[in-house]
1. From B:Leu20, B:Leu10, grab the single residue that is within 13 Å of DNA strand C (Cβ to nearest atom), under 26 Å from A:Arg19 (Cα atoms), touching a residue at least 60 places away in the same chain (Cβ under 8 Å) and buried (at least 16 other Cβ atoms within 10 Å of the Cβ).
2. Just a yes or no: is a residue in segment B:79-87 surrounded by fewer than 14 Cβ atoms within 10 Å (Cβ to Cβ), within 14 Å of the chain's Cα centre (by Cα) and without any contact (Cβ under 8 Å) to a residue 12 or more places away in the chain?
3. Any residue that is within 14 Å of DNA strand C (Cβ to nearest atom) and touching a helix residue (DSSP H, G or I) at 6+ places or on another chain (Cβ under 6 Å) - is there at least one of those in segment A:76-91?
4. Listed residues A:Leu41, A:Leu88; which is in contact with a Leu (Cβ under 8 Å, 6 or more places away or on another chain) and under 21 Å from A:Arg12 (Cβ atoms)?
5. Restricting attention to segment A:84-95, does a residue exist that is more than 15 Å from DNA strand D (Cβ to nearest atom) and closer than 24 Å to B:Glu93 by Cα?
6. Could you check, for segment B:62-75, whether at least one of its residues is touching a strand residue (DSSP E or B) at 6+ places or on another chain (Cβ under 9 Å), within 14 Å of DNA strand C (Cβ to nearest atom), part of a strand (DSSP E or B) and open to solvent by less than 60 Å² (accessible area, probe 1.4 Å)?
7. Checking the conditions here, which among B:Ser42, B:Ser32, B:Ser56 is at pLDDT 95 or above, within 16 Å of DNA strand C (Cβ to nearest atom) and closer than 30 Å to A:Cys26 by Cβ?
8. Within segment A:40-59, track down each residue that is under 9 Å from the mean Cα position of the chain (by Cα), free of Cβ contacts under 8 Å to residues at least 24 places away in the same chain and open to solvent by less than 70 Å² (accessible area, probe 1.4 Å).
There are 2 protein chains.
Amino acid sequence: MDTAEELAELLRVLSNPVRLKILALCLEERSSKEIREILGLSKPLFISHMKKLLNSGLISCKVKRLDGKAVKYYKTVNFEICCSTEILKDILEEIYL
Amino acid sequence: MDTAEELAELLRVLSNPVRLKILALCLEERSSKEIREILGLSKPLFISHMKKLLNSGLISCKVKRLDGKAVKYYKTVNFEICCSTEILKDILEEIYL
DNA sequence: CCTATGGGTAAATTTTTGTTTACCCAAATA
DNA sequence: TATTTGGGTAAACAAAAATTTACCCATAGG
């Protein structure tokens with residue numbers, strides 16, 4: 001059961017082109033470096049977007065050791081988030097609770 | 001066919017609790033006054049949110065004359081906007097175009 | 001030791017949203 | 001005429017997001 005606030009927050013995470021592209025790239029597991037290079041993102045910017053995706057559970061992270069270095073790999077979780085007139089009915093009830 | 005930018009823009013319109021509530025209230029046709037009173041919105045704020053909803057085509061507007069005054073009525077359009085791993089495949093192609 | 005790479009953070013800045021305040025116009029009505 | 005009601009705008013302000021700059025730590029390799 002979604003409140004308007006919860007649904008809005010999830011949609012907000014998805015409502016950014018950079019994050020959508022990160023999610024698309026991570027349909028297959030990818031390293032930070034790959035993602036950053038393909039999308040041309042600075043390190044702090046990449047991390048900031050990634051935090052939002054991780055917090056919302058849309059992406060998962062795995063650490064692998066390569067040459068003694070801890071390298072992070074990301075993979076988009078299987079999801080389907082819909083906003084429809086059907087779902088608005090729940091929000092309507094919430095207004096009158 | 002959605003680009004990341006187009007999809008993000010539509011999701012951005014939906015990613016606000018006030019706008020979700022307006023959409024929910026307008027599952028049945030309602031006047032500006034009703035909406036504003038129920039949600040406690042100032043006139044300019046209401047108009048600003050409504051512009052975004054109208055521009056994105058999520059809501060429709062009809063003008064009725066009452067006592068010589070032009071009163072606006074809104075109704076949420078039937079819609080279903082999904083963001084899923086399936087849709088991300090289109091965005092992935094876009095990245096490599 | 002120095003430099004490169006991988007993973008960070010904190011703070012400042014810019015840009016975008018959301019919201020309020022102060023106005024305007026037209027029509028009805030007391 | 002004055003006031004109310006419906007619809008509206010422009011500009012200021014506040015708050016949140018996106019982005020950059022400047023740093024930090026650890027490890028590997030020249």
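1. Working: B:Leu20 fails: touching a residue at least 60 places away in the same chain (Cβ under 8 Å).
Of the residues listed, the single one that is within 13 Å of DNA strand C (Cβ to nearest atom), under 26 Å from A:Arg19 (Cα atoms), touching a residue at least 60 places away in the same chain (Cβ under 8 Å) and buried (at least 16 other Cβ atoms within 10 Å of the Cβ) is B:Leu10.
2. Yes: one or more hits.
3. No.
4. So the residue among A:Leu41, A:Leu88 that is in contact with a Leu (Cβ under 8 Å, 6 or more places away or on another chain) and under 21 Å from A:Arg12 (Cβ atoms) is A:Leu88.
5. no
6. yes
7. Of the residues listed, the single one that is at pLDDT 95 or above, within 16 Å of DNA strand C (Cβ to nearest atom) and closer than 30 Å to A:Cys26 by Cβ is B:Ser56.
8. Correct list: A:Leu54, A:Gly57.
The values are calculated or read from the model by the stated rules, or taken from the named source; none is laboratory data. None of the values given here were measured: they were computed from a predicted structure. Every residue, glycine as well, gets a Cβ built from its backbone with ideal geometry; the counts of neighbours run over all protein chains shown. SASA here: full protein model, heavy atoms, side chains in, ligands and nucleic acids out. Shrake-Rupley method; radii C 1.70, N 1.55, O 1.52, S 1.80 Å.
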